[in-house]
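Enquirer: Sharing a structure here in structure tokens format.
What follows is calculated from the coordinates using simple rules that are stated; it is not laboratory data. The structure displayed is predicted, hence computed values, not measured ones. Cβ sites come from the backbone with ideal geometry, for glycine too, and all protein chains shown count toward neighbours.
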Amino acid sequence: MRARGDRLVAIGGPSAQPLKGVELHRYDPMPVGGLPACHPWAADLQTKAIRAEALGKLVADLLQAGLSPDLVIGHSGWGELLAIKDLLPQVPVLHQVEWIYQLQGGDTNFDPEFSSLSWKDQTRLRLRRAPQLVALQDLDWGLSPSQWQASSVPMEYRNRLSIIHEGIDTCTICPKAGSGLSLQRAGLHFEAGAELVSFVARNLEPYRGFHTFMRMLPILQQLRPNAQVVIVGGESVSYGQPAPNGSSWKQTLLEELRGQLDLSRVHFVGKIPHHMLHELFRICACHAYLTYPFVLSWSMLEAMSCGAVVLGSATPPVEEVIEHGRNGLLVNFFDKQAWANNIATVLENPAAYKHLGVAARQTIVDRYDLHSKCIPQQLKLIDRLIVQGARTQLLPTIR
């Protein structure tokens, strides 16, 4: 958008990082004196209302200073857009629909190990949907990155929703000869051809199948005594329940599996720079990706773009991208024996599965390429919203 002369103004919280050529204004959501007390069921809504007020004050100041936007783009999940239509009623607002909380189905009660929602938990979840539903009702158009995520939107709002992924830069995130990864602490260096398995999540937690993966490893180590495993991710919680007793899920699972694992072949590397992640994807013999029926991780798409052979959980967000036996493999989320067997089979004869990595990359190029697919579709939608204004008429959905 900058390249064609558009003026971009970004608004973010105190830690928002600037982008080159984008005017950034930060707001502080914390009220003077701290957060006021409220009913625990309303705590989430209060946090979002506080953000809405803080951002509203900043937008009002910018309008007073002469800002006159043609379009507002924002994420509706955190509260920043709650007041935007009261400040800019005639300006079209495009909101990014990441995931609408589901009262039944989806990620709710998917995992029997953690399915213990009481009626109070269910009501709290119901109330957390309120800002999301307000956004669907009030804002002009929604943008969702996948069919699965769009399916979380109530049917009555889907005629104002486009499905366009954010995009994968397949020119940069691609196979590359001579790739390698060094683990200095372990004194190891891996290159293509190594018997290496990768697992990646922003944080190591059940929502991303970390518990299934860890419980599978003793079986895999028996089947493949030379296999090495690199696990990328932090020890906090992004989604779902925290680990018991104030511990992390990593420590909880390591304690559960004490004496069952050869930890000299399991390497926890924490969070690593993005380019190193791509090196891992380029050289691993296979990449394991698991997720609840929830938001699909970019890491899986990036692994595919690097030509990795991906074993994915047979859950809807993954099945939207991976077709078993054509561009990857699908395994039951909970079946640790099947995970171990499938990974061991790929490690035993990687050449027989190389075509899956080739097809995986082609899938990303054909459907998710940033420059040839996603950006053109996004700009087309943006331009039409600017021309037609704030809900003057319903637009045909852009696929």
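Enquirer: Fully extended, how many nm does the chain gain between L117 and M155 (0.36 nm per residue separation, minus their Cα-Cα distance)? Don't skip to the answer; put the middle values down first.
Expert: Numbers: separation 38, 0.36 × 38 = 13.68 nm, distance 2.51 nm.
That works out to 11.2 nm of additional length.
Enquirer: Something else now. Could you give the size of the charge dipole of the chain about its Cα centre, using +1 on the Cβ of each K and R and -1 on the Cβ of each D and E, expressed in debye and rounded to the nearest 20? If you can, show how the numbers build up before the last one.
Expert: Numbers: 37 positive and 36 negative charges, 60 e Å.
With Lys and Arg at +1 and Asp and Glu at -1, about 280 debye.
Enquirer: Please list, by residue number, every one of the trypsin sites (Lys or Arg not before Pro) in segment 12-121 that is coil in DSSP and has at most 16 other beta-carbon atoms within 10 Å.
Expert: Details: sites: K20, R26, K48, R51, K57, K85, K120; in loops: K20.
Sparse-neighbourhood loop trypsin sites (Lys or Arg not before Pro): K20.
Enquirer: How high is the FRET efficiency from M1 to A60, r the C-beta distance, R0 35 Å, rounded to 0.05?
Expert: Values: r = 25 Å, r/R0 = 0.70.
Result of the calculation: an efficiency of 0.90.
Enquirer: I've got another one for you. Using a simple spin-label model with points 7 Å from Cα along the Cα→Cβ vector, what separation in nm is obtained for I272 and T47?
Expert: That separation, rounded to one decimal, is 3.1 nm.
Enquirer: Any idea which of L330, V310, Q362 is furthest toward the positive side of the dipole for segment 252-399, if Lys and Arg beta-carbons carry +1 and Asp and Glu beta-carbons -1?
Expert: Of the listed residues, the answer is Q362.
Enquirer: Further, regarding this structure: Compute the label zone of L183 within segment 221-242: residues whose backbone N is under 12 Å from the point 7 Å along Cα-to-Cβ.
Expert: 227-232
Enquirer: Taking R0 as 25 Å, what FRET efficiency do you get between E319 and D366 from their Cβ-Cβ distance, rounded to the nearest 0.05?
Expert: Working from the Cβ atoms, E equals 0.90.
Enquirer: I would also like to ask the following. Any idea which of S151, I382, L125 is furthest toward the positive side of the dipole for the chain, if Lys and Arg beta-carbons carry +1 and Asp and Glu beta-carbons -1?
Expert: I382
Enquirer: On full extension of the chain, what length is gained from E23 through Q222, given 0.36 nm per residue of separation minus the C-alpha to C-alpha distance?
Expert: Values: separation 199, 0.36 × 199 = 71.64 nm, distance 5.53 nm.
Length difference between fully extended and current span is 66.1 nm.
Enquirer: Turning to a different aspect of this structure: For the chain, what does the alpha-carbon gyration tensor say about shape, rounded, prolate or oblate, given a ≥ b ≥ c as the root eigenvalues, a/c under 1.5 as rounded, and a/b over b/c as prolate?
Expert: Prolate shape, in that a/c is at least 1.5 and a/b is the bigger ratio.
Enquirer: I'd like the Karplus ³J(HN,Hα) series for segment 42-54: coefficients 6.51, -1.76, 1.60, θ = phi - 60°, whole numbers in Hz, and an x wherever there's a Gly or Pro.
Expert: The phi angles translate into 9, 4, 5, 5, 4, 4, 5, 5, 5, 4, 4, 5, 5 Hz.
Enquirer: Extension gain I386-D70, at 0.36 nm per residue separation less the Cα-Cα distance, in nm? Walk me through the numbers before you get to the answer.
Expert: Numbers: separation 316, 0.36 × 316 = 113.76 nm, distance 0.60 nm.
Length gained between I386 and D70: 113.2 nm.
Enquirer: At R0 = 35 Å, how high is the FRET efficiency between L379 and S15 if r is their beta carbon distance? Nearest 0.05 is fine. Display every interim value, and only then the final one.
Expert: Details: r = 28 Å, r/R0 = 0.81.
FRET efficiency, L379 to S15: 0.80.
Enquirer: Enumerate the amide H contacts of H25 below 5 Å, restricted to partners 5 or more residues apart or on another chain; note that Pro and chain-start residues carry no placed amide H.
Expert: Hits under the 5 Å cutoff: A10, I11, G12.
Enquirer: Can you list the HN-Hα couplings for segment 253-260, worked out from phi with the Karplus curve (6.51, -1.76, 1.60; θ = phi - 60°), rounded to whole Hz and with x for Gly and Pro?
Expert: Running phi through 6.51 cos²θ - 1.76 cosθ + 1.60 with θ = phi - 60° gives 6, 5, 5, 4, 9, 3, x, 9 Hz.
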